[in-house]
Amino acid sequence: MAQANQYALTLADEAQARLEQLEGFISYRAPHSPVLAFNFEGIHHSDLAALIAEQGIALRTGQHCAQPLIDALTISGCLRASFMPYNQLSDIDRLVDAVKFALSLLKDED
């Protein structure tokens with residue numbers, strides 16, 4: 001079980017490292033967590049999630065049953081990607097590509 005948990009953490013670390021390369025990335029991830037909560041500056045989390053969903057990737061969006069924390073962060077919500085032992089590095093490739101594509105569409109609207 002510990003090996004499976006470590007693998008999920010490794011995937012979350014890799015996803016965060018790759019998303020951090022994109023302009024405007026903001027992470028709310030707790031240390032040593034396979035759950036990556038994030039936003040992109042100037043982009044509404046629901047808009048981004050909808051465009052990512054159209055590419056076949058399911059992310060959670062909103063307050064995630066943590067309204068006091070969301071309020072303390074002074075945000076309306078965020079996206080959440082959860083990594084599990086059945087995920088693969090190719091899933092991170094797909095996530096990052098989907099985020100890049102969605103951001104390109106949303107930034108063109110400005």
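Derivation of every value follows stated rules applied to the coordinates shown; laboratory data play no part. Keep in mind that this is a model prediction, so the values were computed, not measured. Backbone-built Cβ (ideal geometry, glycine too); neighbour counts: all protein chains shown.
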(message) Looking at Ala15, Ala49, Ala98, can you tell me which residue is under 21 Å from Asn5 (Cβ atoms), within 13 Å of the chain's Cα centre (by Cα), of a type in the set (Gly, Ala, Ser) and surrounded by 15 or more Cβ atoms within 10 Å (Cβ to Cβ)?
(response) Ala15
(message) Out of everything in segment 36-55 that is touching a residue at least 12 places away in the same chain (Cβ under 8 Å) and out of contact with any strand residue (DSSP E or B) (no Cβ under 7 Å at 6 or more places or on another chain), what residue ends up being farthest from Lys107 (Cα to Cα)?
(response) Gln55
